[in-house]
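Have a look at the structure below, then the notes.
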Amino acid sequence: MNILILGSGGREHTLAWKLNQSPMLGKLFVAPGNAGTAEIAKNIPIGVNDFEKIKASVLQYEISMVVVGPEDPLVNGVHDFFLNDEDLRRIPVIGPQKAAATLEGSKQFAKEFMMRHAIPTAAYQSFTADTLENGYIFLESLAPPYVLKADGLAAGKGVLILNDLEEAKEELRTMLVDGKFGNASAKVVIEEFLDGIELSVFVLTDGDGYKVLPTAKDYKRIGEGDTGLNTGGMGAISPVPFADKGFMDKIHDRIVKPTVEGLKMDNLPYKGFIFIGLIKVGDDPKVIEYNVRLGDPETEAVVPRIQNDFVKLFGAVANGTLDAIDLAVDTRTAATVMMVSGGYPEAYEKGKEISGYENIQDSLVFHAGTQAKDDKVLTNGGRVMAITSFGADFKKALSKSYENIEKVGFSGKNYRKDIGFDL
Ligand code: AMP
Ligand code: GLY
């Protein structure tokens, strides 16, 4: 079976690495991919939102399954595009249809979904430019910090957390009236602030049956001690030590099960990954957000721990037979550390030569923003490359990742040296 993965980051390299281990795989394609995927698959230089070119490649290369990495094409309806096309209809797409992808595409839609299905989350109200004054009144009724969320997709930048009431009011105005995040902030959700430690839970569903994948914790801020600007993610650890059986049972009973059942009840077809961003408040899990894909860099820590054949697993998602599969998970901890370009997440340079990663033997190397040029591998993004290691506990796994990260060189290389500091 020939498979196409859409995307170009560390998540997609990890999925390619995993699929590549299956004896059921024919040829593997990644669009557009990176220098890491080019080593194990054929990269196709087309964008993830260029549906017509994706169609042409799927037909040309006789692809019989498409796995979607990022949210953008899902929210734009790539799955629906396949279902509505006579030539593509029979080709399964791993990733939800547009209607269900709105769980990530609109914060308000996600909030209403959670309310409808009694899934625990922060109290909220949403506002538009017409109801700005009501937004001010709602902010005055809350205690700081104030959480403002652009309703739509804003490349991970749409959430603001502010301590000062006047500043919160001004930001609300800037989002609604000045279009701070363009159309994405034409509507803003204001939420109760939840205080606790975060974790990510991933669910794979065929729309009926589902598997809860290993938990992970990601480190989003650029600076040590979780300070500074938000990034795509600087590192991840799986499993999360504080997510014990009792806590996981609560997550399952109060959140995972009602989410999958709610999707069915609301007629939102879903074949793919659900990423549930959670926060532990006291002893109870609450949902911060849904994403309709795997997380990055959580994937780099979670997927290597899953021992199942992913071609088989995705086949079961496509056929609706996921219930018949048992998930096998490596009990060791996996720790991922991301190397980034100097300056990221603000302005940074690309095109720096990367050396030394090929000498790493006892860790996994997943490319993110890299590009092959002539005989060289060059940096091509903010997040450049991830190192994942296994260990008996997260400290042992991390120390191996940190040891190997020293072997990789590129001008401006930066990474967080305190992944796992809060565990
Ligand atoms: P999101 O883009 O929805 O993942 O939000 C970005 C980050 O903002 C989350 O990872 C949390 O750290 C934080 N956050 C979002 N919502 C809340 C909330 N209601 N209370 C506290 N922190 C939050
Ligand atoms: N690591 C967070 C995300 O993928 O959204």
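Consider the stretch 379-398 and keep the residues that are free of Cβ contacts under 8 Å to residues at least 60 places away in the same chain and over 21 Å from the mean Cα position of the chain (by Cα). The one that is nearest to GLN361 (Cα to Cα) is GLY391.
Once the stretch 9-26 is narrowed to residues that are assigned to a loop (DSSP other than H, G, I, E, B) and among the polar types (S, T, N, Q), the residue that is most open to solvent (accessible area, probe 1.4 Å) is GLN21. For the stretch 392-414, a tally of residues being open to solvent by 10 Å² or more (accessible area, probe 1.4 Å) and either touching a helix residue (DSSP H, G or I) at 6+ places or on another chain (Cβ under 6 Å) or assigned to a strand (DSSP E or B) (or both) returns 3.
Would it be correct to say that GLY156 is in contact (Cβ under 8 Å) with a residue 12 or more places away in the chain and within 16 Å of ligand 2 (Cβ to nearest atom)? Answer is yes for this residue. Screening the stretch 263-303 for residues that are more than 12 Å from GLY95 (Cα to Cα) and polar (S, T, N, Q) and picking the one that is nearest to ligand 1 (Cβ to nearest atom) gives THR299.
Could you count how many residues in the stretch 205-220 are in contact (Cβ under 8 Å) with a residue 60 or more places away in the chain, within 30 Å of MET339 (Cα to Cα) and of a type in the set (Lys, Arg)? Residues in the stretch 205-220 being in contact (Cβ under 8 Å) with a residue 60 or more places away in the chain, within 30 Å of MET339 (Cα to Cα) and of a type in the set (Lys, Arg): 1 in total.
Of the helices (runs of 4 or more DSSP H) lying entirely inside the stretch 97-210, those containing at least 1 residues that are farther than 23 Å from GLY77 by Cα and among the small types (Gly, Ala, Ser) are 132-141, 165-176. Screening TYR290, TYR270 for residues that are in contact with a Gly (Cβ under 7 Å, 6 or more places away or on another chain) and on the phi < 0 side of the Ramachandran plot leaves exactly one candidate, TYR270. Scanning the stretch 191-222 for residues that are of a type in the set (Ser, Thr, Tyr) and within 15 Å of ligand 2 (Cβ to nearest atom), we see that the one that is nearest to PHE242 (Cα to Cα) is THR215. Of all residues assigned to the stretch 110-125, at least one qualifies as being free of Cβ contacts under 8 Å to residues at least 24 places away in the same chain and either surrounded by fewer than 19 Cβ atoms within 10 Å (Cβ to Cβ) or under 19 Å from PHE273 (Cα atoms) (or both). On the basis of being without any contact (Cβ under 8 Å) to a residue 60 or more places away in the chain, under 24 Å from GLU289 (Cα atoms), buried (at least 18 other Cβ atoms within 10 Å of the Cβ) and not small (Gly, Ala, Ser), does LEU132 make the cut? Against the criterion (without any contact (Cβ under 8 Å) to a residue 60 or more places away in the chain, under 24 Å from GLU289 (Cα atoms), buried (at least 18 other Cβ atoms within 10 Å of the Cβ) and not small (Gly, Ala, Ser)), LEU132 does not qualify.
Residues in the stretch 343-388 that are in a strand (DSSP E or B) and of a type in the set (D, E, K, R) were compared, and the one that is nearest to GLY7 (Cα to Cα) is ARG383.
The values are calculated or read from the model by the stated rules, or taken from the named source; none is laboratory data. Since we're looking at a predicted model, the values are computed, not measured. Cβ: placed from backbone, ideal geometry, glycine included. Neighbour counts: every protein chain shown. All accessible areas refer to the heavy atoms of the entire protein, side chains included, with ligands and DNA or RNA removed. Shrake-Rupley method; radii C 1.70, N 1.55, O 1.52, S 1.80 Å.
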